[in-house]
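**Q** The structure's right below; bear with me while I get my questions together.
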Amino acid sequence: MDYRDTAQEAAFRAELRAWFGQNIPPGWRDVIEDPAGRTEFRKQWHRTLHKAGYVAMSWPVEYGGRGLSPIFDAILGEETARADAPPLPGNVNFLGRAMWTHGTEEQKKRFLPMLLTGDAVWCQGFSEPEAGSDIAGLRTRAVLEGDEWVVNGQKMWTSGAHAADWCLLLVRTDPDKPKHKGISCLLTPMNVPGIEARPIYLANGEPETSEVFFDNVRIPRENMLGHRGGGWSIAMTTLAYERGPGDTGFVPKYQATLRRLEELAAERGRLADPAVRPALATAYIKGEALRLTVLEQLSLRVSGQLAGEEGSIAKLLWADAEQSIQHLAIELLGPDVWLGRAPQRLSAYLSSRPVSVYGGSSQIQKNILAQRVLRMPRA
């Protein structure tokens, strides 16, 4: 794959830069720091992007997309980061993929428009206290009673659940079958009786995730996505298309952070410091390894190949790079961080710590690579 922009891609990049120059809300960071206005701001930004044609660009046209190459989604992520614009909607592309791949026509007509326009906020009910990154180990039960599924159980680390309108919920409907085959998926409204989402405040003070309790929650039978027992396949579809460091613009954000740290080291006369110079060089190498891996995986998507277990490589590199560079920033700033002179940098450092758990812990990613890519025997 030629990683340089084609004429069409370069024109789209220029279009984005001009659009961001006119449409980034002033003072947006202050708005999203206020929990009271954060959800509505994100919805409004989603609507603004959708109106401009920048949401779900790689979706099929029949489902409301533009039928463009995944490259355009990646370019959008890059330019969002470079423009220091508000974050893109977090789960549109991969939840949409799960819905149009496994949903009925009625479900597609009902749920895809609200996902596309941002009129509803979605979360994913995957992880559980006793299962963690092991989806097959989930124990939340759904029992069919007449025309309703009755759900009981608990989910953990459900990002954005406290502000969500709907949940893509994995439940166990057939406990007597092998654990991979007894899972189903329910499209679950979050405002029905019996659901309680309790925000979990992370080290940076943000309620980014939640634990969710289900107590005799009744979900219409027709809200099952796919067939009974098909939840594992839906989960794999969702996770395979879950946006990674390429789509979220992590690489340009990382590069910008590294440039700022180099400037900070120069200002403080530490570029030649034997503790700093190798750390900066290592950060550059980690960033390049991640960038090239992301480009390789993007080329597979462009050619129509679904990313497989090798996607765990990017996840590992991403977590390592992010945690390493934020640790370096803390080292360079020294006492300023702890005296309250660099609150954003401290928040970024604290936010980097759970990155190695998001989307499956680093230990799980290593097991996947060892067992499914390298074909190593289980211990």
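The values are calculated or read from the model by the stated rules, or taken from the named source; none is laboratory data. It should be emphasised that the depicted structure is a prediction, and the values quoted were computed from it without experimental measurement. Note: ideal-geometry Cβ built from the backbone for every residue, glycine included; neighbour counts use all protein chains shown.
**Q** Kindly indicate whether any position in the range 165-182 is among the aliphatic types (A, V, I, L, M) and over 16 Å from ILE219 (Cα atoms).
**A** No.
**Q** Take GLN326 and decide whether it is outside the structural domain of TRP157 (by TED's automatic domain parsing), modelled with pLDDT of 90 or more and either within 21 Å of the chain's Cα centre (by Cα) or aliphatic (A, V, I, L, M) (or both).
**A** On the way: outside the structural domain of TRP157 (by TED's automatic domain parsing): yes; modelled with pLDDT of 90 or more: yes; either within 21 Å of the chain's Cα centre (by Cα) or aliphatic (A, V, I, L, M) (or both): yes.
For GLN326, the condition - outside the structural domain of TRP157 (by TED's automatic domain parsing), modelled with pLDDT of 90 or more and either within 21 Å of the chain's Cα centre (by Cα) or aliphatic (A, V, I, L, M) (or both) - is met.
**Q** Let me ask you something else. Would you confirm, using the coordinates I've provided, whether LEU300 is part of a helix (DSSP H, G or I) and under 21 Å from the mean Cα position of the chain (by Cα)? Give the steps one after another, and end with the answer.
**A** Numbers: part of a helix (DSSP H, G or I): yes; under 21 Å from the mean Cα position of the chain (by Cα): yes.
Judged against the criteria, LEU300 is a match.
**Q** Identify the residue in the range 228-277 that is among the β-branched types (Val, Ile, Thr) and at pLDDT 85 or above and, among all such residues, is surrounded by the most Cβ atoms within 10 Å (Cβ to Cβ).
**A** VAL251
**Q** Considering LEU333, LEU369, which residue is under 24 Å from PRO252 (Cα atoms) and touching a residue at least 60 places away in the same chain (Cβ under 8 Å)?
**A** LEU333
**Q** Which of the residues belonging to the range 185-225 are in contact with a strand residue (DSSP E or B) (Cβ under 6 Å, 6 or more places away or on another chain) and among the small types (Gly, Ala, Ser)?
**A** GLY194, ALA197, SER210
**Q** Does ALA98 qualify as being buried (at least 21 other Cβ atoms within 10 Å of the Cβ), out of contact with any Leu (no Cβ under 6 Å at 6 or more places or on another chain) and not in a helix (DSSP H, G or I)?
**A** Here the answer is no, as ALA98 does not meet what is asked.
Results for (1) farther than 29 Å from TRP122 by Cβ; (2) without any contact (Cβ under 8 Å) to a residue 40 or more places away in the chain, shown as yes or no for each residue.
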| residue | (1), (2) |
| --- | --- |
| PHE214 | no, no |
| GLY230 | no, no |
| SER233 | no, no |
| MET236 | no, yes |
| ARG260 | yes, yes |
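**Q** Out of all the residues in the range 277-324, which are of a type in the set (Phe, Trp, Tyr) and touching a Gly at 6+ places or on another chain (Cβ under 8 Å)?
**A** Within the range 277-324, TRP318 is the sole residue that qualifies.
**Q** Return the residues of the range 77-97 that are within 26 Å of ARG221 (Cα to Cα), touching a residue at least 60 places away in the same chain (Cβ under 8 Å) and out of contact with any strand residue (DSSP E or B) (no Cβ under 7 Å at 6 or more places or on another chain); say none if nothing qualifies.
**A** Residues satisfying the conditions are ASN93, PHE94, ARG97.
**Q** Among the numbered conditions (1) under 26 Å from PHE94 (Cβ atoms); (2) exposed (fewer than 15 other Cβ atoms within 10 Å of the Cβ), tell me where GLN323 comes up short.
**A** (2)
**Q** What number goes with the only condition from (1) within 30 Å of ALA348 (Cβ to Cβ); (2) surrounded by 14 or more Cβ atoms within 10 Å (Cβ to Cβ); (3) among the charged types (D, E, K, R) that GLU148 does not pass?
**A** The number of the failed condition is (1).
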